[in-house]
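Q: Supplied in structure tokens, the structure appears directly below.
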Amino acid sequence: MARTGRVSATARGKLASGGAPAYEAERLGGDGSVRGYESGELGAGLATLSGSVSLVLPLPARVPGGPPPPVSFVLFADAGARDEALAGRKPSSSQPLASGASVGYGLRFGPIRFDVAHNARGERMTHVGLVGDEFG
């Protein structure tokens, strides 16, 4: 049985009232949102928007007609923005980044994932975790 590649797109937004407690703020950056940044590096906000597009390409079977290995190659792009960037305002000095984007590649080996992301500043970051923990 041949496996084919798949494309997936994910978008997530959050909007909370200005009187919401600080723990309601969405943190951007890291495995769960925009890979290529540290967790929360893009700051936290009560209004956020983030998205991801991924192309997953399973590796072919070693023997024609045999079972495919549980390994896939992945290409992805992530982006996210919070309050200030969404409103067109300059970010505060305590949270200098309000938006970010990254592109990268990775491997999925069964339930384990390895991602290498390059962010908009040209920095590279490696993410390791379980499939399903990543944003896209």
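Q: I'd like the Karplus ³J(HN,Hα) series for region 39-55: coefficients 6.51, -1.76, 1.60, θ = phi - 60°, whole numbers in Hz, and an x wherever there's a Gly or Pro.
A: Karplus-based 3J(HN,Hα) across region 39-55 equals 4, x, 4, 8, x, 10, x, 7, 10, 9, 9, 8, x, 8, 10, 10, 10 Hz.
Q: Residues with amide H under 5 Å of Tyr37's amide H, sequence separation 5 or more or different chain, H placed in the peptide plane at 1.01 Å from N; which?
A: Gly30
Q: Report the full-extension gain for the segment Leu15 to Arg27: residue separation times 0.36 nm, less the Cα-Cα distance, to one decimal in nm.
A: Result: 3.1 nm gained on full extension.
Q: In what sequence, largest accessible area first, do Thr10, Thr48 appear using a 1.4 Å probe?
A: From most accessible down to least: Thr10, Thr48.
Q: While we're looking at this one, here's another question. With charges only on Cβ, +1 for K and R and -1 for D and E, what is the dipole size of the chain about its Cα centre, in debye, rounded to 20?
A: Value, rounded to 20: 400 debye.
Q: Indicate the gyration tensor shape class of region 8-73 (rounded, prolate or oblate), computed on the Cα atoms with a ≥ b ≥ c the square roots of the eigenvalues: a/c under 1.5 is rounded; otherwise a/b larger than b/c is prolate and the rest oblate.
A: Numbers: a/c = 4.43, a/b = 3.31, b/c = 1.34.
Verdict is prolate for region 8-73.
Q: Among (1) 13, 38, 27, 14, 6, 2, 0; (2) 10, 31, 28, 19, 10, 2; (3) 11, 30, 32, 20, 6, 1, only one was calculated for this model; which label is it, if the read-out is P(r) over Cα pairs in 10 Å bins from 0, in percent?
A: (1)
Q: If you don't mind, there's one more thing I want to ask. Give the peptides 35-46, 100-111, 59-70 in descending order of average Cβ contacts within 10 Å, highest first.
A: So the peptides 35-46, 100-111, 59-70, ranked by packing, come out 35-46, 100-111, 59-70.
The values are calculated or read from the model by the stated rules, or taken from the named source; none is laboratory data. Here the structure is a predicted model, which is why all the values come from computation and not from measurement. Positions of Cβ are backbone-derived with ideal geometry, glycine not excepted, and every protein chain shown enters the neighbour counts. Ligands, DNA and RNA are stripped out before the accessible areas are found, and what is left, the full protein with its side chains, is counted by its heavy atoms. Shrake-Rupley method; radii C 1.70, N 1.55, O 1.52, S 1.80 Å.
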